[in-house]
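Down below is the structure, laid out as structure tokens.
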Amino acid sequence: MSWDAYNESRDLPGQVEAYRELNGHYPEVVITDTIYGTRENRQWLKDRGIRYSGKALGRPSKTPQTPYQKRKFKKEQGERNHIEGKFGQGKNGYNLNKIRARTAPTSESWIACIMFVMNLVK
């Protein structure tokens with residue numbers, strides 16, 4: 001856990017490698033927030049044969065997407081909704097964004113307790 005501000009897009013290669021170590025293979029597709037869609041990350045995924053589900057960089061293509069491509073993109077992005085919703089529940093429902101502990105270890109304990117309760121509820 002870090003208290004310093006940083007760009008979390010650098011975490012993508014490590015997370016994908018952790019997936020490979022856990023499952024024995026790379027994922028077929030990576031579905032993330034737009035902050036992870038950097039040129040470096042896209043190239044890293046492409047080098048490993050992993051498809052990135054996100055908006056293309058640059059200008060929109062002159063050829064429109066087919067209805068199948070639109071449905072597929074919308075479905076893949078919708079798979080993230082329950083994860084994003086769980087973060088929102090932690091912040092709003094369990095006051096995860098209002099922790100006012102004085103020391104880092106106390107804050108970490110509060111965060112761990114809230115995550116534990118969220119998992120119990122699920």
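The table below lists the values:
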read-out: Hits in the stretch 88-110 (condition: touching a residue at least 24 places away in the same chain (Cβ under 8 Å) and either open to solvent by 90 Å² or more (accessible area, probe 1.4 Å) or among the aliphatic types (A, V, I, L, M) (or both)); value: Ala104
read-out: Test for Asn81: is it closer than 27 Å to Ser2 by Cα and either in contact (Cβ under 8 Å) with a residue 24 or more places away in the chain or surrounded by 11 or more Cβ atoms within 10 Å (Cβ to Cβ) (or both); value: no
read-out: 2 or more residues among the basic types (Lys, Arg): qualifying helices (runs of 4 or more DSSP H) within the stretch 1-120; value: 39-47, 67-78
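The values are calculated or read from the model by the stated rules, or taken from the named source; none is laboratory data. Since this is a predicted model, take the numbers as computed values, not measurements. Every residue, glycine as well, gets a Cβ built from its backbone with ideal geometry; the counts of neighbours run over all protein chains shown. We work out accessible area using only protein heavy atoms, side chains counted, and drop any ligands, DNA or RNA first. Shrake-Rupley method; radii C 1.70, N 1.55, O 1.52, S 1.80 Å.
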